[in-house]
Amino acid sequence: MKSYILYLFVILFSLSAYSQIDSRKKSFNIPAIEAPQDTKTETPEIKPEENLDLPKPTPNTPFPKKEFSMFAEEEFGDPGELYVDKINKTLDHLKLSKEEIELRNGSTVDQYLGDFNSNGKFVNVVYRDHGYMDGDIIQVRVNDDVVHARVFLSNSFKGFKLDLKPGINKIDFVALNQGESGPNTAEFRVIDDMGNVVTHNQWNLATGVKATVIVVKE
């Protein structure tokens, strides 16, 4: 009986020792320690340094006065007006005549180039750009009727045949533009049915202005 009790005691002791060894292999948790609330750091505010060299403005501080200068101040204006003013001053300086000014800028009033007599049945009216071919365009009218609405002037003569009616045959050349270089410049000729030149002339016109020639059939 004693040996049985001793044997049971050894078994219980062995189980207890094994449980303690096995419990040592298990992990254990380390409790977290909260930081105290008063240890929080704050970023110090950095204020800009004041400029002590510049005086602060006051309500009674006067505006700075303009520096004295012997030269007139430059004034800025519309570029187009300044350019026109410069051209006008240049023309005044050169003392150009009215004819010279019209030759440069084109006539702004209608031009009457004369009336001429012819006994022919018809005339040939021809015209061309007598200057640099820069895109001048004209309109041709006979007795106020449009016979050619738009004619591009080249350096070669072009035109039309006009059957003469008894009395006045009025021919108008209307400048529709001034080309690229201006004014509208052209040379024209009126030739009768016998090949005789009835009249020839030139014009320098601003846009919208016309040149007129009259052929009278007797």
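Just one of the numbered conditions (1) open to solvent by 90 Å² or more (accessible area, probe 1.4 Å); (2) modelled with pLDDT under 95; (3) closer than 20 Å to residue 201 by Cα is not true of residue 107; which one?
Unmet condition: (1).
Within the range 186-209, how many residues turn out to be under 32 Å from the mean Cα position of the chain (by Cα) and open to solvent by 20 Å² or more (accessible area, probe 1.4 Å)?
Going through the range 186-209 one residue at a time, the tally reaches 3.
Results for (1) part of a loop (DSSP other than H, G, I, E, B); (2) modelled with pLDDT of 95 or more, shown as yes or no for each residue.
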{"site": "69", "(1), (2)": "yes, no"}
{"site": "86", "(1), (2)": "no, no"}
{"site": "89", "(1), (2)": "no, no"}
{"site": "165", "(1), (2)": "yes, yes"}
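Of all residues in the range 157-185 being of a type in the set (A, V, I, L, M, F, W, C) and over 19 Å from residue 119 (Cβ atoms), which is farthest from the chain's Cα centre (by Cα)?
160
Going residue by residue through the range 139-154, is there one that turns out to be modelled with pLDDT of 95 or more, charged (D, E, K, R) and either part of a helix (DSSP H, G or I) or buried (at least 16 other Cβ atoms within 10 Å of the Cβ) (or both)?
Yes: the range 139-154 contains one or more residues that are modelled with pLDDT of 95 or more, charged (D, E, K, R) and either part of a helix (DSSP H, G or I) or buried (at least 16 other Cβ atoms within 10 Å of the Cβ) (or both).
Just give me the residues in the range 167-185 being at pLDDT below 95 and either outside any loop (DSSP other than H, G, I, E, B) or of a type in the set (A, V, I, L, M) (or both), in sequence order.
Within the range 167-185, 184, 185 qualify.
Which of the residues belonging to the range 161-174 are touching a Phe, Trp or Tyr at 6+ places or on another chain (Cβ under 8 Å) and surrounded by 15 or more Cβ atoms within 10 Å (Cβ to Cβ)?
Residues satisfying the conditions are 162, 164, 173.
If residue 115 meets every condition in (1) among the charged types (D, E, K, R); (2) open to solvent by 30 Å² or more (accessible area, probe 1.4 Å); (3) in contact with a Leu (Cβ under 7 Å, 6 or more places away or on another chain) apart from one, which number is that one?
Unmet for residue 115, out of (1) among the charged types (D, E, K, R); (2) open to solvent by 30 Å² or more (accessible area, probe 1.4 Å); (3) in contact with a Leu (Cβ under 7 Å, 6 or more places away or on another chain): (3).
The values are calculated or read from the model by the stated rules, or taken from the named source; none is laboratory data. Quick caveat: nothing in here was measured; it's all calculated off a predicted structure. All Cβ positions, glycine included, derive from the backbone under ideal geometry; neighbour counts span all protein chains shown. We work out accessible area using only protein heavy atoms, side chains counted, and drop any ligands, DNA or RNA first. Shrake-Rupley method; radii C 1.70, N 1.55, O 1.52, S 1.80 Å.
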